[in-house]
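Below: the structure, in structure tokens.
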2 protein chains.
Amino acid sequence: VASNKAPIGIFDSGIGGLTVVKAVMDALPGEDIIYFGDTARVPYGIKSMETVREYGLQITTFLLRKKVKMILIACNTVSAAAEPQIVERAQPVPVLGVVKAGSRAACDVLQPTDKVGVIGTLATVNSGTYEAAIQDINPKMRVFSKACPLLVPLAEEGWTDNEVARKTLEIYLADIKANNLNGLILGCTHYPLFKEPIREVLGNPDIKIIDSAESIAASAKAILVEKNMLNPKEKGNFECYVSDKPQRFQQLAERFLGNTIPRIELVSLEHL
Amino acid sequence: VASNKAPIGIFDSGIGGLTVVKAVMDALPGEDIIYFGDTARVPYGIKSMETVREYGLQITTFLLRKKVKMILIACNTVSAAAEPQIVERAQPVPVLGVVKAGSRAACDVLQPTDKVGVIGTLATVNSGTYEAAIQDINPKMRVFSKACPLLVPLAEEGWTDNEVARKTLEIYLADIKANNLNGLILGCTHYPLFKEPIREVLGNPDIKIIDSAESIAASAKAILVEKNMLNPKEKGNFECYVSDKPQRFQQLAERFLGNTIPRIELVSLEHL
């Protein structure tokens, strides 16, 4: 059994998962965090389920070698494609995925017969896992999904609040908006950067926006408290691993994490 | 020495290179073509030069095992990052890259003291290889480059002629337009899909648009004619290999190739 001083492992296809790191740092400031971003193979959202599953398992093994006490799948695409397989590989280390965390959070804030929208990558939306996870909890909740493949590249270009972003959101949200939603799940770690323009385009302040990064951080905290596994430190360390140092990396990382990035270590894919 | 009946190998980071396949089919209808699209690791344009170089060499080795008589680097990013290394690896098989082909075509249609714009991915533009290749031929030509990272995802979403595409092009082209260009090189295999809206946004029909897909097909034909290596067949075969079958693959491939796609074979990355 892992020590309570062991780090939490968090991973994503790229650096979007740093929004989850940020949420975990806010919720659990004493925890050491090890992050892996698969920047050499990003984006996962357009790849096949089989490929995404294989990549997710490789990264899980990498984190287990780092002796983590918990794994957070910060990537909706991996969470949708491979959560059961990762849970099995990681045993007895607990695994949380953004899909289940976001679905549970949506069911907590909405009524059982409400209508909820989900936006995510092509792979996440095509997998239907949000629908399944939500209807597991509330079989009567209606779920409307929409793939928004351009939002990740827009976020990485820093265009989260200009005319192109708003026009893109208008096109993507038109269908699901027509269903008079009660809530909308941001089913991709990049999407919290669009929270404000999404609110504007939805045009109805009563629609609850569920940020799966915040949801998974809250779930992680609940589990660590319950298992009596909180790190007693005042301020945790943060180690960041990537499989490639992409163009504009520093700038992008700061956009997501919202503060100075520590030293980044490059991990060759052969060592995964 | 390869037989004239050997196939031409063409590769790209993804399926954008199918625009080059189409141009080669038009220019050289008798040639057999083997295409490799690295769809498991697309896009290359945001990755580091070292990573792009490694991937390019792996694919070159794959094509050489297929006994190709010529290799066309249909990816501007690889062409910018690794052309000399690929030329060396492939010897004595001739290698052509889109960067040199596009640069030569630009110098052919423009005056030596003209001003030319280049648009491409972050990696292509940051590498400065178009500038170097053009000024190798015409040292007095002035070159203005602009990275347009959103155009690839827009093309893959099929948004090549809507309001979002036009607004995006207006933003990207504003700087270089201010330089009173005489020509513009489309330095990415996805960009020919935006030819019409680019013309509109440039707003000046005298600006010559250079499509590097057409340029490389013309260069390939010239070399095969010169070396007396044309395939005498009436109609060539087309074999298509990819490293992943991505979401919406068929639909996308048809968008690029403009006709029915043959059987696609999946190649595991371990076999590269």
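The values are calculated or read from the model by the stated rules, or taken from the named source; none is laboratory data. In this text, all values refer to a predicted model and were calculated from it rather than measured experimentally. Reconstructed Cβ throughout: ideal geometry from the backbone, glycine too, with neighbour counts over all protein chains shown. Just the protein is used for accessible areas: all its heavy atoms, side chains included, with ligands, DNA and RNA removed. Shrake-Rupley method; radii C 1.70, N 1.55, O 1.52, S 1.80 Å.
Only one of the numbered conditions (1) more than 12 Å from every other protein chain (Cβ to nearest Cβ); (2) touching a helix residue (DSSP H, G or I) at 6+ places or on another chain (Cβ under 9 Å) is not met by residue B:47, and that is (1). Residues in region B:172-200 that are in a loop (DSSP other than H, G, I, E, B) and touching a Lys or Arg at 6+ places or on another chain (Cβ under 9 Å): B:179, B:180, B:181, B:182.
Is region A:181-197 home to any residue that is surrounded by fewer than 23 Cβ atoms within 10 Å (Cβ to Cβ), within 14 Å of chain B (Cβ to nearest Cβ) and out of contact with any Pro (no Cβ under 7 Å at 6 or more places or on another chain)? Yes - at least one qualifying residue is present in region A:181-197. How about region A:231-246: which of its residues are open to solvent by less than 30 Å² (accessible area, probe 1.4 Å), within 14 Å of another protein chain (Cβ to nearest Cβ) and assigned to a loop (DSSP other than H, G, I, E, B)? Across region A:231-246, the qualifying residues are A:243, A:244, A:246.
On the stretch given as region A:201-216, residues that are farther than 19 Å from residue A:168 by Cβ and not in a loop (DSSP other than H, G, I, E, B) total 8. Residues in region A:50-76 that are touching a residue at least 12 places away in the same chain (Cβ under 8 Å) and open to solvent by 20 Å² or more (accessible area, probe 1.4 Å): 7 in all.
Within region A:77-114, the set of residues being open to solvent by 20 Å² or more (accessible area, probe 1.4 Å) and more than 18 Å from the chain's Cα centre (by Cα) comprises A:88, A:89, A:91, A:92, A:93, A:108, A:109, A:111, A:112, A:113, A:114.
Regarding residue B:206, is this residue more than 23 Å from residue A:165 (Cα to Cα), of a type outside the set (A, V, I, L, M) and either more than 14 Å from chain A (Cβ to nearest Cβ) or touching a Pro at 6+ places or on another chain (Cβ under 9 Å) (or both)? So residue B:206 passes the test. Residues in region B:42-74 that are among the hydrophobic types (A, V, I, L, M, F, W, C) and modelled with pLDDT of 95 or more: B:57, B:59, B:62, B:63, B:64, B:68, B:70, B:71, B:72, B:73, B:74. The residue that is farthest from residue B:226 (Cα to Cα), among those in region B:1-35 that are hydroxyl-bearing (Ser, Thr, Tyr) and surrounded by 19 or more Cβ atoms within 10 Å (Cβ to Cβ), is B:13. Please determine, by comparing only the residues of region A:129-175 that are more than 19 Å from residue A:199 (Cβ to Cβ) and among the charged types (D, E, K, R), which one is least open to solvent (accessible area, probe 1.4 Å). Ranking the qualifying residues of region A:129-175, first place goes to A:157. A single member of A:164, A:225 is in a helix (DSSP H, G or I), more than 13 Å from every other protein chain (Cβ to nearest Cβ) and farther than 21 Å from residue A:117 by Cα, and it is A:225. Applying the condition of being within 17 Å of the chain's Cα centre (by Cα) and within 20 Å of residue B:199 (Cα to Cα) to region B:115-128 and asking which residue is surrounded by the fewest Cβ atoms within 10 Å (Cβ to Cβ) yields B:119. Just one of (1) in contact with an Asp or Glu (Cβ under 9 Å, 6 or more places away or on another chain); (2) in a helix (DSSP H, G or I) fails for residue A:118. It is (2).
Checked against (1) farther than 22 Å from residue B:271 by Cα; (2) acidic (Asp, Glu); (3) surrounded by 24 or more Cβ atoms within 10 Å (Cβ to Cβ), residue B:38 passes all but a single condition, namely (1). A single entry from A:34, A:46, A:10 fulfils the requirement of being within 24 Å of residue B:42 (Cα to Cα), of a type in the set (A, V, I, L, M, F, W, C) and part of a strand (DSSP E or B): A:10.
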